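The values are calculated or read from the model by the stated rules, or taken from the named source; none is laboratory data. Since the structure is predicted, the reported quantities are computational estimates derived from the model, not experimental observations. Here Cβ is always computed from backbone atoms with ideal geometry, including for glycine, and neighbour counts include all displayed protein chains. Remember, those area values only see protein heavy atoms, side chains included, never the ligands or the DNA or RNA. Shrake-Rupley method; radii C 1.70, N 1.55, O 1.52, S 1.80 Å.
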Amino acid sequence: MTKVLFEHRGKADIETFDGWKAAGGFSALEKALKMTPEEVIEEVKSSGLRGRGGAGFPTGVKWGFVPKGGEKPVYLCINADESEPGTCKDRVLMEELPFMCLEGALIAAYAIQAKMAFWYIRGEFDLSERRMRQAVEVLREKGLIGKNVLGSGWDIDFGVHRGAGAYVCGEETGLISSVEGKQGQPKLKPPFPALEGAFGCPTIVNNVESLAAVPWIVNHGGSKYSALGTEKSKGTKLFSVSGAVNKPGVYEVEMGYPMADLINKECGGALNGIGLKAIIPGGSSVPVMPADVAMKTNLDYESVQEAGSLLGSGGVIVIDENQSMPELLDILGRFYAHESCGQCTPCREGTGWGARILHRVHEGRGEQQDLETLDRIARFMSGTTICFLASSMSMPIQSFFKHFKHEFEALMPTIDAVAGD
Amino acid sequence: MSQDDHIQAANADDSPVTEKTLRLSPEREAYIDDLQKRYPTKLATLLPVLWAIQEQTGWVSKEWMEYAAQRCECPASHVLGVVTFYTMYHQKPAGKYHVQVCRNISCHLRGAPGIIEAVEKKLGLEHKCVSADGKFSLEHVECLAGCSWAPVMQINRTLHEELTPEQAVRILDELE
């Protein structure tokens, strides 16, 4: 199977400048700087690369939204705020292949003619942050970051910007607020960041994994990348598998790869042979799938959607048959309530009350109507807020109820017990 | 307290703390100076300033929030809003070893409840508490993006992966 992101993973010293250079690193940057920015954007458009942070928006198309020749400076933000439960792929890219990530970001910055790039990195990340800071410093010394990069006449500066613990900063406008030195509260769109983002200037926010694919695309051509994967989901994707499998880990497979093969071949099958109950295929925010349905699905945007969920960030959470679904949903509810930024009422109140009700249901202290109330909260807060966080709690609630309602009902006190209270 | 006393007390509280001339270490001051030259606004350096403060003093006190406000040319109320918005800025001194145990779904599926129980018992601490000798503080945290190596805990900036309760206790035992 063709590897795009992990082609050089595990090679000696690949995390260093020299190691990356020896593996052919920076040839894509050199090539890109000899192209016009428009040509670079066209190449990435032709690859069909879609944003790997979860939304799946075509990367090249996004770059094309930046106005040409405007007076305002353009900014690139690299979203390395990997916080979606079940997702740990960007960490691997930054820890093991920092110069590949940085090369991709530099090509992106050139394509949109950015003046400055912010590498926004999760506050908890240690090795990733050190690696990226080091990589930026090395490239500054080598003249690949700074004035007139490789004689192209283009200047770029880079800031490695450490977050401080807020899931919502993984949302692109929340991230922008945080870069600006504010609470990480998402902003209404429009205006879209490509026109009016950080500091009121055109801004592109890209996920690390999206950018990490760019050097390969520039080296081999967009058509080579788009030949991988399925008709609509091009290329390869990282899947970080966690939970009840023998070999959890981060694996790169072509889009359209069967979930059953990912679980049974790459991950060595179900942990200790215990049966599987459910799989969340794209990070904790996407709908849960019964394991038998998930195991018949292929891993591309369209197939997963047809089967009732979303590919999201590629965080595959595998749940064995001994787990209590109400307990897992209680954990997720508490998480979203904790992370709601509080500016939109449906989310602040919905996640807060939703979490409280989920908790008492899980503890067997549910009250009559609680399940209906949760269903109503989930419906009400979905799509009524500035960002996607409220929907990220709605989707688990609705899908857990759709497939595993009996487990919740079994925890509800019987009418006799209520009457005897 | 008479009304005058109240006014005096209020004035005392409001006295400009700049007279105490809080300063970061020369390296940190130089780092912030450099950022402020390169970043589009001074406000944009607030998160880095707060990190520098926490690295130097272990937490972010009210006095240092005033310092950050002056350094980034913004109201102190804005700084307070930012410090309280993000979970990683400590508003009181944390332990020498700040222990964060992940409680989210992927770690839960691989035994996080057992790790939390063992760590709480070992340290005699609950969520968000600091030990009397100041050596340890404990926090249950949401996903640390160590899902494929679950269960995990992070001590200061070091991530410990694929833990068993026994290993977690041993790691704590070995800390000086």
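Of the numbered conditions (1) within 14 Å of another protein chain (Cβ to nearest Cβ); (2) open to solvent by 10 Å² or more (accessible area, probe 1.4 Å), A:TYR120 satisfies every one except a single condition; which is it?
All conditions are met except number (2).
If we only count helices (runs of 4 or more DSSP H) wholly inside the stretch A:25-134, which ones have 3 or more residues that are over 20 Å from A:LEU195 (Cβ atoms)? Working first, answer last.
Working: elements: A:27-34, A:37-47, A:59-64, A:89-96, A:98-111.
Here the list reads A:27-34, A:37-47, A:89-96, A:98-111.
Across the stretch B:123-166, what is the total count of residues that are touching a Pro at 6+ places or on another chain (Cβ under 9 Å) and either in a helix (DSSP H, G or I) or of a type in the set (Val, Ile, Thr) (or both)?
Selection size over the stretch B:123-166: 5.
Quick one: A:PHE192 ticks every box in (1) within 27 Å of B:GLU73 (Cα to Cα); (2) away from chain B (no Cβ under 14 Å) except a single one, so which number is it?
(1)
Regarding A:SER382, is this residue polar (S, T, N, Q), modelled with pLDDT under 95 and touching a Ser or Thr at 6+ places or on another chain (Cβ under 8 Å)?
yes
For the structure I just gave you, tell me whether A:GLU103 is over 16 Å from A:GLU171 (Cα atoms) and charged (D, E, K, R).
Taking the combined requirement at face value, the residue satisfies it.
Being free of Cβ contacts under 8 Å to residues at least 60 places away in the same chain and of a type outside the set (S, T, N, Q), is that true of even one residue in the stretch A:194-204?
Checked against the condition, which is being free of Cβ contacts under 8 Å to residues at least 60 places away in the same chain and of a type outside the set (S, T, N, Q), the stretch A:194-204 yields at least one hit.
Conditions tested, residue by residue: (1) within 27 Å of A:ARG140 (Cα to Cα); (2) in contact with a His (Cβ under 9 Å, 6 or more places away or on another chain); (3) not aliphatic (A, V, I, L, M).
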| position | (1), (2), (3) |
| --- | --- |
| B:GLU29 | yes, no, yes |
| B:VAL49 | yes, no, no |
| B:GLU55 | yes, no, yes |
| B:SER77 | no, no, yes |
| B:VAL101 | no, yes, no |
| B:GLY111 | no, no, yes |
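Does A:PRO73 satisfy the criteria of being in contact with a Gly (Cβ under 9 Å, 6 or more places away or on another chain) and open to solvent by 10 Å² or more (accessible area, probe 1.4 Å)?
no
Here's the yes/no breakdown for (1) under 22 Å from the mean Cα position of the chain (by Cα); (2) more than 21 Å from B:CYS143 (Cα to Cα); (3) touching a residue at least 24 places away in the same chain (Cβ under 8 Å):
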{"residue": "A:GLY314", "(1), (2), (3)": "yes, no, yes"}
{"residue": "A:ASN322", "(1), (2), (3)": "no, yes, yes"}
{"residue": "A:PRO326", "(1), (2), (3)": "no, no, yes"}
{"residue": "A:ASP330", "(1), (2), (3)": "no, no, yes"}
{"residue": "A:GLY333", "(1), (2), (3)": "yes, no, yes"}
{"residue": "A:ILE377", "(1), (2), (3)": "no, yes, yes"}
{"residue": "A:SER391", "(1), (2), (3)": "yes, no, yes"}
{"residue": "A:PHE404", "(1), (2), (3)": "no, yes, yes"}
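Name every residue in the stretch B:110-154 that is within 20 Å of B:LYS92 (Cβ to Cβ) and either in contact with a Lys or Arg (Cβ under 8 Å, 6 or more places away or on another chain) or open to solvent by less than 10 Å² (accessible area, probe 1.4 Å) (or both), in order of residue number.
Listed by number, the residues that qualify are B:VAL130, B:GLY134, B:LYS135, B:PHE136, B:SER137, B:LEU138, B:GLU139, B:HIS140, B:VAL141, B:GLN154.
Quick check on the stretch B:126-137. Is at least one of its residues within 13 Å of chain A (Cβ to nearest Cβ) and of a type in the set (A, V, I, L, M, F, W, C)?
No, that holds for no residue.
Would you mention how many residues in the stretch A:314-351 are in contact with a strand residue (DSSP E or B) (Cβ under 8 Å, 6 or more places away or on another chain), buried (at least 24 other Cβ atoms within 10 Å of the Cβ) and more than 10 Å from chain B (Cβ to nearest Cβ)?
So the answer is 1.
Write out, first by first residue and then by second, each pair whose Cβ atoms fall under 9 Å of each other, whose residues are 6+ apart or on separate chains, and whose first residue, in the stretch B:74-92, is at the interface with chain A (Cβ under 7 Å from one of its Cβ atoms) while the second is open to solvent by less than 40 Å² (accessible area, probe 1.4 Å) and acidic (Asp, Glu).
Final answer for the pair search is B:THR87/B:GLU139; B:THR87/B:GLU142; B:MET88/A:GLU124.
Here is a list: B:GLU142, B:GLU126, B:GLU120. Which entry is without any contact (Cβ under 8 Å) to a residue 60 or more places away in the chain and touching a helix residue (DSSP H, G or I) at 6+ places or on another chain (Cβ under 6 Å)?
Answer to the selection: B:GLU142.
Here are A:GLY243, A:GLY200, A:GLY222: which of them is over 18 Å from A:GLU96 (Cα atoms), within 14 Å of chain B (Cβ to nearest Cβ) and out of contact with any strand residue (DSSP E or B) (no Cβ under 8 Å at 6 or more places or on another chain)?
Result of the check over A:GLY243, A:GLY200, A:GLY222: A:GLY200.
Test each condition in (1) within 8 Å of chain A (Cβ to nearest Cβ); (2) open to solvent by 10 Å² or more (accessible area, probe 1.4 Å); (3) within 27 Å of A:GLY342 (Cα to Cα) for B:SER106 and report the one that comes out false.
Condition not satisfied by B:SER106: (2).
Could you tell me which numbered condition A:MET35 fails, if it satisfies all but one of (1) within 23 Å of the chain's Cα centre (by Cα); (2) modelled with pLDDT of 95 or more; (3) open to solvent by 20 Å² or more (accessible area, probe 1.4 Å)?
Of the numbered conditions (1) within 23 Å of the chain's Cα centre (by Cα); (2) modelled with pLDDT of 95 or more; (3) open to solvent by 20 Å² or more (accessible area, probe 1.4 Å), the odd one out for A:MET35 is (1).
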